[in-house]
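Report on one structure; see the data block that follows.
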């Protein structure tokens with residue numbers, strides 16, 4: 001894989017340095033998000049149909065065994081394939097795509113970036129490069145960043161350099177020579193960086209770019225994981241009684257109970273069970289971990305969304321249960337009584353007695 005480096009002019013050394021500790025895979029353009037959102041709005045209500053052939057794409061998180069079971073249990077005439085000429089439908093995960101590629105764009109936290117060819121920096125701005133060691137040398141990628149494949153293919157230098165409009169403006173203030181970089185292409189959007197846990201997004205970026213032409217040229221339908229998951233789990237909804245059972249299981253010292261509770265949650269309709277699952281995830285933070293249960297991945301992606309400031313940071317790790325409840329009611333006022341019911345269970349557990357019978361919302 002070819003990497004980019006984000007650069008800036010260090011205010012102290014007056015040398016070009018990395019602007020972050022991450023390698024840049026690409027810049028996700030704001031326009032690409034609008035294109036994807038248009039696709040989402042067109043297909044958001046689609047469900048699996050009889051007599052179709054579907055492709056569980058790399059942009060899906062739905063477990064293949066669960067799809068197979070759903071097809072068999074409902075006696076659906078649905079086949080799976082990968083070859084384009086045999087397909088009717090693509091399956092993708094909206095939550096994964098937005099979380100992996102467009103989080104900052106959705107939160108309106110975009111920047112304007114200039115993309116500078118490698119040779120321009122290497123040849124014309126060599127006096128601003130620190131050659132003392134590989135870590136500070138912009139022209140080299142430290143070996144610990146590289147995979148075995150990268151090393152075999154000789155990807156030891158950056159494909160190009162990326163500099164934000166703000167950092168370029170600061171560099172020009174120091175030295176007018178940097179103004180020549182204003183002539184290079186710009187992209188407004190967010191950076192897709194390589195980091196632990198982001199491999200799936202990085203590996204499938206090309207598929208995301210190609211999916212629009214693939215759908216248009218072959219007149220394909222799109223079905224989202226959440227819709228299949230809702231259909232699959234429509235008979236399982238967490239209510240207060242189930243919440244109390246799950247709370248007891250998660251509060252035990254038996255990790256076997258934890259695994260069973262996670263599996264039950266994974267097989268619930270998330271939207272209909274949302275307030276109860278969010279309350280459990282606030283109290284039992286390990287529910288926010290992805291784990292190795294493929295069936296839990298869709299729930300995990302939902303929970304990640306509620307860590308974001310745009311949705312009140314409901315599941316931020318530093319939230320007490322008091323602040324969680326307050327934030328949740330601010331975002332979802334319709335959950336007032338549910339939060340009170342959950343709080344009753346939680347407080348009785350803390351007091352180790354059923355002293356509180358009920359709490360009523362105002």
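Strands (runs of 3 or more DSSP E) wholly in the stretch 63-119 with at least 1 residues that are without any contact (Cβ under 8 Å) to a residue 60 or more places away in the chain and farther than 18 Å from residue 40 by Cβ - which ones?
78-80
This table checks each residue for (1) under 25 Å from residue 65 (Cβ atoms); (2) assigned by TED's automatic domain parsing to the domain that holds residue 52; (3) surrounded by 15 or more Cβ atoms within 10 Å (Cβ to Cβ).
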| site | (1), (2), (3) |
| --- | --- |
| 260 | yes, no, no |
| 282 | no, no, yes |
| 290 | yes, no, no |
| 294 | yes, no, yes |
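In this structure, residue 193 does satisfy being outside the structural domain of residue 268 (by TED's automatic domain parsing), modelled with pLDDT under 95 and not in a helix (DSSP H, G or I). Inclusion of residue 324 among residues that are buried (at least 16 other Cβ atoms within 10 Å of the Cβ), touching a helix residue (DSSP H, G or I) at 6+ places or on another chain (Cβ under 7 Å) and either closer than 18 Å to residue 63 by Cβ or modelled with pLDDT of 95 or more (or both) is not warranted.
The residues of the stretch 262-280 that are over 22 Å from residue 347 (Cα atoms) and surrounded by fewer than 22 Cβ atoms within 10 Å (Cβ to Cβ), listed by number, are 263, 264, 267, 269, 271, 272. Being surrounded by 15 or more Cβ atoms within 10 Å (Cβ to Cβ), assigned by TED's automatic domain parsing to the domain that holds residue 26, closer than 19 Å to residue 65 by Cβ and in contact with a strand residue (DSSP E or B) (Cβ under 9 Å, 6 or more places away or on another chain) holds for only one residue in 225, 221, and it is 225. The one condition from (1) within 20 Å of the chain's Cα centre (by Cα); (2) touching a residue at least 40 places away in the same chain (Cβ under 8 Å); (3) buried (at least 19 other Cβ atoms within 10 Å of the Cβ) that residue 194 does not meet is (3).
The values are calculated or read from the model by the stated rules, or taken from the named source; none is laboratory data. Predicted model, so just to flag it, every value in this text is computed and none were measured. Every residue, glycine as well, gets a Cβ built from its backbone with ideal geometry; the counts of neighbours run over all protein chains shown.
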